[in-house]
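Undergrad: What follows is a single structure, and I will ask about it in a moment.
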Amino acid sequence: MTHAIRIHEYGGPGVLKWEKVRVGAPGPGEVKLKQAAVGLNYIDVYMRTGLYPQASLPFIPGMEGAGVVTEVGEGVRDLKVGRRVAYAGQSGAYAEERLIAADRVVKIPAGISDRIAGAVMLKGMTAQYLLRRTYKVGPDTTLLFHAAAGGVGLIACQWAASLGATVIGTVGSAGKALIARAHGCTHVINIREEDVVAKVKDYTKGKGVDVVYDSIGKDTFPASLDCLKPLGMWVSFGQASGPVPPFNITLLSQKGSLSATRPSLANYIDTRKDLVATANELFATIAKGAVKIAVNQAYPLAEAAQAQRDLEARLTTGSTVLLA
């Protein structure tokens, strides 16, 4: 027997239960992992509360992790016992051991620790598709990134700066402003003390930004649209403050023929080829020092409830891992 966090009913952090579970042998095309580090993400909260309903109860939450292969199922050719691997987008991560499809994991390069790999896969691959595919950022880009001191924000702002972009970040405190400036932000806006739209207009000499990356949702709408220059793009990829309210699509034309998209990592890594390419670019960017991963909090996996409380209270910065 091993242990995992299971959820029997939707609700607050208290529904996260540390329980004994049985993990069998891997089936065809699967591997068994002994996990070392599991990443903490806001999607875990959405799963716990039922905002993202699961197929059945109870279930094991969590969407990213890293560990070592301990058993290999029939038909698996390119993974051996003892290989360090990582994954994202595969639910069931809050566990000491788990089964997973072999084509959904990637090999961890030498020089990348299990803790970093476990913390970075979901957030880092999200940053990759946002900057490299959803809107291709380059030296001529001026962008606004909400929650710049968060897990995705710290990675994406460094990465965007390494690509030559001018990065404006929003944060919720003076302390987080210092962190954001140290991680690629040219300008930082404290949303609790400053008017976001006015400051963006000031920093861009009235023009607005090319693209807004918004994981906040309700609280930053429609202000995010008002920060864009004509023909700009609003990228809504999360809803930490609640869902964006319904709006008439003509609002986009009224505010400057804007584009709006609601991307998901799952679509960008759907094929094995895209998964490997996305992960490899992330690992290469870390290896060359363009992005430094800040794993600022670590909790025992059994204390996942406290980790989620701290995440929801915005007491965390950078990445957080649960150690199995």
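The values are calculated or read from the model by the stated rules, or taken from the named source; none is laboratory data. Quantities reported herein were computed from a predicted structural model and do not represent experimental measurements. Every residue, glycine as well, gets a Cβ built from its backbone with ideal geometry; the counts of neighbours run over all protein chains shown.
Undergrad: Are there any strands (runs of 3 or more DSSP E) wholly within segment 1-44 with 2 or more residues that are touching a Gly at 6+ places or on another chain (Cβ under 9 Å) and among the aliphatic types (A, V, I, L, M), and if so which?
TA: Values: elements: 2-7, 16-21, 30-39.
By residue number, 2-7, 30-39.
Undergrad: Report, by residue number, each residue of segment 276-290 that is farther than 13 Å from T126 by Cβ and either assigned to a loop (DSSP other than H, G, I, E, B) or modelled with pLDDT of 95 or more (or both).
TA: Step one: list which residues in segment 276-290 are farther than 13 Å from T126 by Cβ, which gives 276-277, 280, 283-290.
Once the filter is applied, which keeps residues that are farther than 13 Å from T126 by Cβ and either assigned to a loop (DSSP other than H, G, I, E, B) or modelled with pLDDT of 95 or more (or both), segment 276-290 yields V276, A277, N280, F283, A284, T285, I286, K288, G289, A290.
A quick yes/no check of all residues on (1) buried (at least 24 other Cβ atoms within 10 Å of the Cβ); (2) of a type outside the set (G, A, S):
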| residue | (1), (2) |
| --- | --- |
| Y87 | yes, yes |
| R98 | yes, yes |
| A102 | no, no |
| A148 | yes, no |
| A156 | yes, no |
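Undergrad: Could you tell me which residue of segment 60-75 is surrounded by the fewest Cβ atoms within 10 Å (Cβ to Cβ), considering only residues that are part of a loop (DSSP other than H, G, I, E, B) and of a type in the set (A, V, I, L, M, F, W, C)? Step through it out loud before you land on a result.
TA: Going through segment 60-75, the residues part of a loop (DSSP other than H, G, I, E, B) turn out to be 60-63, 73-75.
From what is left, the residues that are of a type in the set (A, V, I, L, M, F, W, C) are 60, 63.
On the way: I60: 18, M63: 23.
Checking each candidate, the answer is I60.
Undergrad: For segment 216-245, enumerate the residues that are more than 20 Å from A148 (Cα to Cα) and either in the same structural domain as T49 (by TED's automatic domain parsing) or at pLDDT 95 or above (or both). Walk me through how you get there before you give the answer.
TA: Step one: filter segment 216-245 for residues more than 20 Å from A148 (Cα to Cα), giving 229-231, 245.
Scanning segment 216-245 gives K229, P230, L231.
Undergrad: Would it be correct to say that A149 is within 20 Å of Y42 (Cα to Cα), modelled with pLDDT of 95 or more and under 13 Å from the mean Cα position of the chain (by Cα)?
TA: no
Undergrad: Have a look at K207, K199 and point out the one that is part of a helix (DSSP H, G or I), in contact with a strand residue (DSSP E or B) (Cβ under 6 Å, 6 or more places away or on another chain), over 23 Å from D44 (Cα atoms) and at pLDDT 95 or above.
TA: K199
Undergrad: Among the residues of segment 247-260, write down those that are on the phi < 0 side of the Ramachandran plot and surrounded by 12 or more Cβ atoms within 10 Å (Cβ to Cβ).
TA: Here is the first cut: in segment 247-260, the ones on the phi < 0 side of the Ramachandran plot are 247-255, 258-260.
The answer is F247, L251, L252, K255, L258, S259, A260.
Undergrad: Further question: Looking only at segment 166-175, filter to residues that are surrounded by fewer than 24 Cβ atoms within 10 Å (Cβ to Cβ) and either touching a helix residue (DSSP H, G or I) at 6+ places or on another chain (Cβ under 9 Å) or farther than 20 Å from V200 by Cβ (or both); which one of those is modelled with the highest pLDDT? Before the answer, list the steps.
TA: Step one: filter segment 166-175 for residues surrounded by fewer than 24 Cβ atoms within 10 Å (Cβ to Cβ), giving 166, 172-175.
From the residues that got through so far, the ones that are either touching a helix residue (DSSP H, G or I) at 6+ places or on another chain (Cβ under 9 Å) or farther than 20 Å from V200 by Cβ (or both) too are 166, 175.
On the way: T166: 98, G175: 92.
Only one residue fits best here, namely T166.
Undergrad: Continuing with this model, one more query. Is it the case that some residue within segment 225-238 is part of a strand (DSSP E or B) and out of contact with any strand residue (DSSP E or B) (no Cβ under 9 Å at 6 or more places or on another chain)?
TA: Residues of segment 225-238 part of a strand (DSSP E or B): 228-236.
If we keep only those that are out of contact with any strand residue (DSSP E or B) (no Cβ under 9 Å at 6 or more places or on another chain) too, we end up with 230.
Yes - at least one qualifying residue is present in segment 225-238.
Undergrad: Please go through segment 12-47 and pick out each residue that is under 22 Å from the mean Cα position of the chain (by Cα) and over 19 Å from L323 (Cα atoms).
TA: G12, Y46, M47
Undergrad: Let me spell it out: the conditions are (1) in contact (Cβ under 8 Å) with a residue 40 or more places away in the chain; (2) among the hydrophobic types (A, V, I, L, M, F, W, C); (3) closer than 16 Å to A86 by Cβ, and A290 meets all of them except one. Which number is the exception?
TA: (3)
Undergrad: Right, here's the next one. Report whether or not S224 is without any contact (Cβ under 8 Å) to a residue 40 or more places away in the chain and of a type in the set (S, T, N, Q). Before you say what the answer is, go through the steps one by one.
TA: On the way: without any contact (Cβ under 8 Å) to a residue 40 or more places away in the chain: no; of a type in the set (S, T, N, Q): yes.
In short, no.
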